[in-house]
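A.B. asks: The structure under discussion is supplied below as structure tokens; questions concerning it will follow.
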Amino acid sequence: MSSRPETPLLDQVASPADLKRLSDRDLGRLAHELRAETISTVSETGGHLGAGLGVVELTVALHAVFDAPRDKIVWDVSHQSYPHKILTGRRDRMRTLRQKDGLSGFTKRSESPYDPFGAAHSSTSISAALGFAVARDLGGACETGHGDAIAVIGDGAMSAGMAFEAMNNAGALKKRLIVILNDNEMSIAPPVGALSSYLSRLYAGAPFQEFKAAAKGAVSLLPGPFQQGARRAHDLLKGMTVGGTLFEELGFDYVGPIDGHDMDQLLPVLRTVRERANGPILIHAITRKGKGYGPAETRRDGGHATAKFNVTTGEQKKAVSNAPSYTAVFADALIEAAERDDRICAVTAAMPDGTGLDRFGARYPSRCFDVGIAEQHAVTFSAGLAAGGMRPFAALYSTFLQRGYDQVVHDVAIQRLPVRFAIDRAGLVGADGPTHAGSYDVAYLANLPGFTVMAAADEAELKHMVATAAAHDSGPIAFRYPRGEGAGVEMPERGEPLEIGRGRTIREGARIAILSYGTRLGEVLRAAEALGQRGITPTIADARFAKPLDEALILELATEHEALITIEEGAIGGFGSHVAQLLAERGVFDTGLKYRSMVLPDIFIDQAGPADMYAVAQLNAADIEARVLDVLGVAQLHDRRA
């Protein structure tokens, strides 16, 4: 017996065009079925749940009113796009979501013409939609044609500077552009900052509880039944410091707030805006993350991301591991360090749970700062803390630290400020795919003068690296670690500072040396076991540092072996490139050394399980074994990867 919900209306929808023949009442029923289908899908695949449930009605209304793909609907972050994918011809593939060769968990231009712009990081939608609007007016060539440009952006994403840069530009250009502020009072974590307070005041007061829809500055655009109430609300707002004033100062007409789950409000407002808007307009829709699914609604993060789960209970089906997660090890080590040093503080950008800083914040609330989705600010704020005599740890995902790179260079590195960068989700992360892979931090940090760059080989090493960073005051320092559980090694009672720029030899061997940087060390050891069956015993070392390099260790490995292989979970230009530069400068290649560097390939690797992604990258144990045999000229009797 199938556990999938009954969806008679949804079964008739092959594309958004099919919504045009449904009555408004049927569109409401369709939204109910779409929500059930989304819950059923994510229960089988895992993924982002709460954000999509919060925009079900909005998704139905947008596709019923507008004409995608001619009209460009740009979803900010796009983790809320599962209902959109279901309505745009991809329902039959939804159970492949976030899997190898399956659908992306985000919008992706190559996946569908209904995805006009790819996303996965926040706050890009208004800029992209404005680009579509200007391209439309300039006569740009587009296979799907040019119509309206609609950006759907959450209140958390609106806190990032890029969103305001785009709105400022859009207001000046005065192009017809529709921005829908999906205000669910929650980004990934509950939102922080003045903007969130501003938006909360828009509907928290008694006047807004009296009116389900209000308009300020754009009353004439509303359908007749809305106008009287909107004008009364507008008059009330004249005496208040809230309303749409902020957005209007940026050049936008403002409509709202409206109930983003009420089709009787959404449909007429969207239809009127479609017919009447002649410049940039912002529609403020109030929604609830996780709407319509109790287990998601009651979670602190609104069911943001989830493993596979039981639809009835909401209980997640997570694999049990005896090893702690790297994130938990970092959080515990930082708390221990903060117990001994009241100068230690922590900064994150809207990811307190993901980085483990929720635990630090619970223990030391006055020393923990969630700055919202604002990585640039997070880095420079941390630089100011360091200049002010504190010892800040900026805990950010590798892929999100990219967004603050100019600040890393200009505000931290040039001033040699001792900001500690705790870089989570290093390497390939699995189902989130290339947009979230931590592929580049080694390359973009190790090329900066005065930076110390470390990578933990296991969870015990991570604990030592937290202690190392806490004690390092002579300049910026970074340490990276992957997503998921550790290797299961014995943990030290206390982290001890490592000697800067000093690696370690794991085991002695002959002929060939393997120098690992990061958590591929486990794969190196597995490859060594297989090589031992062939009578080959490589020397194995853990570099620990990409900068400064352990020059003595590297030169020793290079001069005492006929071949040297470096291995890392980073892109070209990282650790292996620095080793090659050292060997070239010291003339070691002139001695006939065979040197190979195993790095992530020069491609973006699509979503799959981490092991499958590393197989594509050829960085698993079998690949390491094959590379050793190739370098030594040993014939392979069979391919162990077969």
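Listed here are the residues, each with its yes/no results for (1) over 27 Å from ASP612 (Cβ atoms); (2) touching a helix residue (DSSP H, G or I) at 6+ places or on another chain (Cβ under 8 Å); (3) not in a helix (DSSP H, G or I).
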position	(1), (2), (3)
ALA431	no, no, yes
VAL442	no, yes, no
GLY450	yes, yes, yes
LYS463	yes, yes, no
ALA469	yes, no, no
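A.B. asks: Among GLY518, GLY509, which is the only one that is more than 26 Å from LYS463 (Cβ to Cβ) and either buried (at least 23 other Cβ atoms within 10 Å of the Cβ) or over 32 Å from the mean Cα position of the chain (by Cα) (or both)?
C.D. replies: One residue alone meets the criteria, GLY509.
A.B. asks: Do we find that ASP424 is under 28 Å from GLN581 (Cα atoms) and charged (D, E, K, R) in this structure?
C.D. replies: Taking the combined requirement at face value, the residue satisfies it.
A.B. asks: What about ALA350, is it out of contact with any Cys (no Cβ under 7 Å at 6 or more places or on another chain) and closer than 30 Å to ILE180 by Cα?
C.D. replies: Considered against the rule, which asks whether it is out of contact with any Cys (no Cβ under 7 Å at 6 or more places or on another chain) and closer than 30 Å to ILE180 by Cα, ALA350 comes out as yes.
A.B. asks: Taking helices (runs of 4 or more DSSP H) that fall entirely within the stretch 39-128, which contain at least 2 residues that are among the small types (Gly, Ala, Ser)?
C.D. replies: 50-53, 56-65
A.B. asks: Please pick out the residue among ARG425, ARG416, ARG420 that is on the phi > 0 side of the Ramachandran plot and buried (at least 23 other Cβ atoms within 10 Å of the Cβ).
C.D. replies: ARG425
A.B. asks: Hey, among the residues in the stretch 537-557 that are in a strand (DSSP E or B) and in contact with a helix residue (DSSP H, G or I) (Cβ under 8 Å, 6 or more places away or on another chain), which one's nearest to LEU462 (Cα to Cα)?
C.D. replies: Result: ASP542.
A.B. asks: Next question, about the same structure. Counting only residues that are surrounded by fewer than 19 Cβ atoms within 10 Å (Cβ to Cβ), give me the helices (runs of 4 or more DSSP H) lying completely in the stretch 355-407 with at least 1 of them.
C.D. replies: Helices (runs of 4 or more DSSP H) meeting the threshold: 357-363, 375-387.
A.B. asks: Any idea which residue in the stretch 526-536 is surrounded by the fewest Cβ atoms within 10 Å (Cβ to Cβ), counting only those that are closer than 24 Å to ALA456 by Cα and either in contact with a Leu (Cβ under 9 Å, 6 or more places away or on another chain) or without any contact (Cβ under 8 Å) to a residue 40 or more places away in the chain (or both)?
C.D. replies: Filtering first and then ranking leaves GLU529.
A.B. asks: Now for a different question. In the stretch 477-520, how many are aliphatic (A, V, I, L, M) and not in a loop (DSSP other than H, G, I, E, B)?
C.D. replies: Total meeting the criteria: 7.
A.B. asks: Test each condition in (1) out of contact with any strand residue (DSSP E or B) (no Cβ under 8 Å at 6 or more places or on another chain); (2) at positive phi for THR7 and report the one that comes out false.
C.D. replies: Of everything listed in (1) out of contact with any strand residue (DSSP E or B) (no Cβ under 8 Å at 6 or more places or on another chain); (2) at positive phi, THR7 misses just condition (2).
A.B. asks: Restricting to the stretch 100-138, what's the tally of residues that are in contact (Cβ under 8 Å) with a residue 40 or more places away in the chain and within 17 Å of the chain's Cα centre (by Cα)?
C.D. replies: Counting residues in the stretch 100-138 that are in contact (Cβ under 8 Å) with a residue 40 or more places away in the chain and within 17 Å of the chain's Cα centre (by Cα) gives 12.
A.B. asks: Sticking with this structure for a sec: Given the criterion surrounded by fewer than 17 Cβ atoms within 10 Å (Cβ to Cβ), of a type outside the set (Val, Ile, Thr) and closer than 24 Å to PHE479 by Cα, identify the matching residue among ALA635, ALA611, ALA571.
C.D. replies: ALA611
A.B. asks: Using beta carbons and a limit of 6 Å, which pairs, at least six apart or on different chains, have the first residue in the stretch 317-339 and over 22 Å from TYR397 (Cα atoms) and the second one crowded, with 17+ Cβ neighbours inside 10 Å and modelled with pLDDT of 95 or more?
C.D. replies: none
A.B. asks: Going by the conditions given, is THR452 outside the structural domain of VAL77 (by TED's automatic domain parsing), more than 12 Å from SER398 (Cα to Cα) and touching a strand residue (DSSP E or B) at 6+ places or on another chain (Cβ under 6 Å)?
C.D. replies: When the stated conditions are applied, THR452 passes them.
A.B. asks: Shifting gears a bit: Please verify whether ASP432 is out of contact with any Leu (no Cβ under 9 Å at 6 or more places or on another chain), in contact (Cβ under 8 Å) with a residue 60 or more places away in the chain and of a type outside the set (Gly, Ala, Ser), treating the condition exactly as stated.
C.D. replies: Spelling it out, ASP432 is indeed out of contact with any Leu (no Cβ under 9 Å at 6 or more places or on another chain), in contact (Cβ under 8 Å) with a residue 60 or more places away in the chain and of a type outside the set (Gly, Ala, Ser).
A.B. asks: Ok, one more. Which ones in the stretch 351-395 are of a type in the set (Asp, Glu) and either in contact with a Gly (Cβ under 6 Å, 6 or more places away or on another chain) or not assigned by TED's automatic domain parsing to the domain that holds TYR405 (or both)?
C.D. replies: GLU375
The values are calculated or read from the model by the stated rules, or taken from the named source; none is laboratory data. Predicted model, so just to flag it, every value in this text is computed and none were measured. Don't worry about glycine lacking a Cβ; one is built from the backbone with ideal geometry, like all the others, and counts go over all protein chains shown.
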